[in-house]
Amino acid sequence: MNGNRFPLKNMVFDMGGVLLRYDPEYFIEREGIADGDRELMMKLIYASREWSLMDRGEMTEEQLEGIVRPQIPERLHEAAHRLIFDFFDPMEPIPQMAEFIRECREDGMGIYLVSNASLRHKTYWQAIPGSEYFDGIVVSAYEKCAKPHPEIFRRLLARYGLTAEECMFVDDVQANTDAAAALGMRCFHFHGDVAALRKAYDRAKGTE
């Protein structure tokens, strides 16, 4: 049985790497970009300071594209556009995750999202399998605050009237789960193994 005196009432999920595949190296490879150009595209797009600024709502995709295009050959312009605007297309959901979220809902859990994402999040969120079960979302670009800063978790708790100790947070980045744990949330560092997540969930509920 779970020894935590607070019952588990809410599941809080990250998006990229938890609900959807988020793998910049894979996205670049999927575009058919030659080996010699991949490092440059990674540096200018996903590993750039500007990508982080988009997550904080301080830059748009259009602005990032305007910075990237002058630094790459014209033959890479179309690929750069897709990597910036459409990296989740085609969408590749994490297998079994939507089913797990549905099971959490059937257990009576509140379902929430805390994600580092740009303002374009609203254009594809409804297409993500399992999104229909969410009771609330907190997206970094709209908050002007990104994980792992604890403020984004505090906003989730305050906005939806949640108690940290009654929440379990699932993220694929250790720094993010550490930040949530420091506020009292139960956390699971996700590596793509939904069976392991289910076991952790059952332990947190006190049913294992």
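Enumerate the aspartates and glutamates that K9 could reach by cross-link, defined here as Cα to Cα under 16 Å, with residues fewer than 8 away along the same chain left out.
By straight Cα distance, K9 reaches E103, E106, D107, D135, E165, E166, D202.
Starting from the Cα gyration tensor of region 6-101, multiply each eigenvalue by 5, take the square root, and state the resulting semi-axes largest first in whole Å.
Taking √(5λ) for each eigenvalue gives 30, 16, 10 Å, largest first.
Could you sort the peptides 180-190, 95-105 by per-residue average Cβ neighbour count (10 Å cutoff), highest mean leading? Don't skip to the end; give the middle numbers.
Working: 180-190: 19.4, 95-105: 16.7.
Taking the mean over residues of other Cβ atoms within 10 Å, the ranking is 180-190, 95-105.
From zero outward in steps of 10 Å, how is the percent of C-alpha pairs of region 125-208 spread across the bins?
Taking all Cα pairs of region 125-208, the binned fractions are 16, 45, 36, 3 percent.
Restricting to Cα pairs below 8 Å that are 6+ residues apart, what does the relative contact order work out to for region 24-85? Please round to a whole percent.
Numbers: 35 pairs, mean separation 20.5, N = 62.
Computed value for region 24-85: 33 percent relative contact order.
Calculate for the chain the 222 nm mean residue ellipticity that helices alone would give, adding -39,500 (n - 2.57) per DSSP H run of length 4 or more and normalising by residue count, nearest 500 deg cm²/dmol.
For the chain, the value works out to -12000 deg cm²/dmol.
Using just the alpha carbons, could you tell me how many Å³ per residue the convex hull of the chain encloses?
112
Restricting to DSSP loop positions (anything but H, G, I, E, B) with no more than 12 other Cβ atoms inside 10 Å of their own Cβ, which GluC sites (Glu not before Pro) remain in region 104-179?
The qualifying sites: there are none.
How much of the DSSP beta bridge set in the chain is antiparallel, as a percent to the nearest 5?
Expressed as a percentage, antiparallel bridges in the chain total about 5.
What percent do you get for the relative contact order of the chain when only Cα pairs under 8 Å and 6+ apart count?
Averaging sequence separation for qualifying contacts and normalising by length gives 31 percent for the chain.
Computed from the coordinates by the stated procedures, all read-outs in this text should not be read as laboratory data. Owing to the predicted nature of the structure, the values given are computational and were not obtained by experimental measurement. So basically every Cβ, Gly included, is an ideal-geometry build from the backbone, and we count neighbours across all protein chains shown.
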